[in-house]
Amino acid sequence: MARTRCYQKGKLVSEDFPLNEVSEHLAKPGAVVWIDLTDPNRDELSLLAEEMKLHVLAVEDALEVQQRPKLDQYSDHLFLSAYQASFEPGSVEVRVHEIAAFITENALVTVHPDAELDFSPIVQRWDAQPDLAKYGVSFLVHGLLDYLVDGYFEAVQGLDDQIEDLEGDLFETSVKQDVIQRRTFALRKSLVKLRRVILPMREVINTLLRRDLHLLHEEMSPYYEDVYDHVLRATEWTESLRDLVSSILDANLAIQGNRLNIITKKVTGWAAIIAVPTLITGWYGQNVPFFGFSQLSGVLTSAGLIVGGVAVLYLVFRRNDWI
């Protein structure tokens with residue numbers, strides 16, 4: 001599957017043309033081409049690489065999955081590896097989709113193995129800023145990066161909302177501890193995955209801001225600096241949430257320890273109360289004569305001692321909040 005677009009002098013002149021017409025469009029003066037390939041095989045990508053003179057190492061990286069977000073510089077083009085992230089509230093999971101991009105002076109080629117990745121929001125961003133289309137590839141790359149970074153913010157916001165709900169459940173006795181622990185570890189796992197995606201993007205965008213690349217227009221620098229600022233904020237937000245999840249884990253353990261102490265204290269108090277009738281009945285159960293032996297007064301005395309002792313201990317423990 002392939003999707004194509006051609007801009008000429010800042011205006012969209014052609015769309016969804018076949019790959020064998022890419023050279024014709026690139027030959028037009030002032031033309032900029034975007035090519036999107038979904039799960040291409042090695043032969044298809046090699047043919048395109050030969051036509052656009054892409055480095056063999058960049059092609060290999062585009063075919064390999066699970067690449068680290070990075071920006072590699074070659075003689076006449078750049079290779080970008082990045083991820084699109086989305087948050088699934090129902091499963092408390094962050095889903096990522098890998099994107100590879102070849103950036104030349106007059107072309108942007110995006111490659112992704114996942115057919116679920118939808119480029120329509122990126123195309124809508126390009127169409128919403130026609131005044132910037134005159135900057136060619138710089139404009140296309142900015143739209144791509146801006147969309148990815150905005151997705152990071154949405155994912156972090158979703159995780160933040162889930163963590164707030166988790167904080168409220170910590171002190172709810174109706175919520176089971178195993179549920180809280182599972183949610184906590186799931187959120188922590190999602191934060192770690194998201195951090196691996198966001199953190200290297202600082203270096204990627206910072207490299208794009210270098211003036212010695214000569215592939216990006218200086219007029220687009222403020223827009224890239226804005227994206228860089230958003231990446232920094234998303235990174236700091238992710239770091240703070242990771243610390244917050246660790247604090248929730250520690251707080252949950254402390255709450256469980258406090259609840260165990262309370263339960264132990266109450267059980268000990270009731271055991272002390274039960275020891276009173278055990279002591280008295282054991283004393284009066286001796287097979288020797290004593291006060292009230294074989295008489296009604298003995299039964300009443302033992303019953304009175306039991307009730308009185310239990311009542312005194314109950315009041316004392318209750319006052320001290322031991323039961």
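The values are calculated or read from the model by the stated rules, or taken from the named source; none is laboratory data. Keep in mind the model is a prediction, meaning the values are calculated, not measured. Backbone-built Cβ (ideal geometry, glycine too); neighbour counts: all protein chains shown.
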Here are some residues: Asp36, Asp72. Which one is part of a strand (DSSP E or B) and without any contact (Cβ under 8 Å) to a residue 24 or more places away in the chain? Asp72
Taking the criterion of being closer than 15 Å to Val96 by Cα, in a helix (DSSP H, G or I) and touching a Leu at 6+ places or on another chain (Cβ under 9 Å), would at least one residue in the range 159-171 satisfy it? yes
Given the conditions (1) over 17 Å from the mean Cα position of the chain (by Cα); (2) in contact (Cβ under 8 Å) with a residue 24 or more places away in the chain, which single one is not true for Asp169? (2)
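How many residues, within the range 83-99, are farther than 15 Å from Tyr147 by Cα, of a type in the set (Val, Ile, Thr) and assigned to a strand (DSSP E or B)?
Let us first name the residues in the range 83-99 that are farther than 15 Å from Tyr147 by Cα, namely 88-95.
Subsequent filtering for residues that are of a type in the set (Val, Ile, Thr) retains 92, 94.
Still in the list and also assigned to a strand (DSSP E or B): 94.
Within the range 83-99, residues that are farther than 15 Å from Tyr147 by Cα, of a type in the set (Val, Ile, Thr) and assigned to a strand (DSSP E or B) number 1.
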Being surrounded by fewer than 18 Cβ atoms within 10 Å (Cβ to Cβ) and either touching a residue at least 60 places away in the same chain (Cβ under 8 Å) or part of a helix (DSSP H, G or I) (or both) is the filter here; which residues of the range 1-29 pass it? Met1, Arg3, Lys9, Gly10, Lys11, Leu12, Leu19, Asn20, Glu21, Ser23, Glu24, Leu26
Using the structure shown, decide if Glu225 is at pLDDT 85 or above, more than 17 Å from Tyr83 (Cβ to Cβ) and in a helix (DSSP H, G or I). yes
Please enumerate the residues belonging to the range 185-194 that are surrounded by 18 or more Cβ atoms within 10 Å (Cβ to Cβ) and either within 20 Å of Ala82 (Cα to Cα) or modelled with pLDDT under 85 (or both). Ser190, Leu191, Leu194
Keeping to the range 78-99, report how many residues are in contact with a Phe, Trp or Tyr (Cβ under 6 Å, 6 or more places away or on another chain) and surrounded by fewer than 21 Cβ atoms within 10 Å (Cβ to Cβ). 2
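In the list Glu105, Glu60, Glu116, which residue meets the criterion of being surrounded by fewer than 16 Cβ atoms within 10 Å (Cβ to Cβ), over 23 Å from Leu199 (Cβ atoms) and in contact (Cβ under 8 Å) with a residue 40 or more places away in the chain? Give the steps one after another, and end with the answer.
On the way: Glu60 fails: in contact (Cβ under 8 Å) with a residue 40 or more places away in the chain; Glu116 fails: in contact (Cβ under 8 Å) with a residue 40 or more places away in the chain.
Exactly one of Glu105, Glu60, Glu116 is surrounded by fewer than 16 Cβ atoms within 10 Å (Cβ to Cβ), over 23 Å from Leu199 (Cβ atoms) and in contact (Cβ under 8 Å) with a residue 40 or more places away in the chain, namely Glu105.
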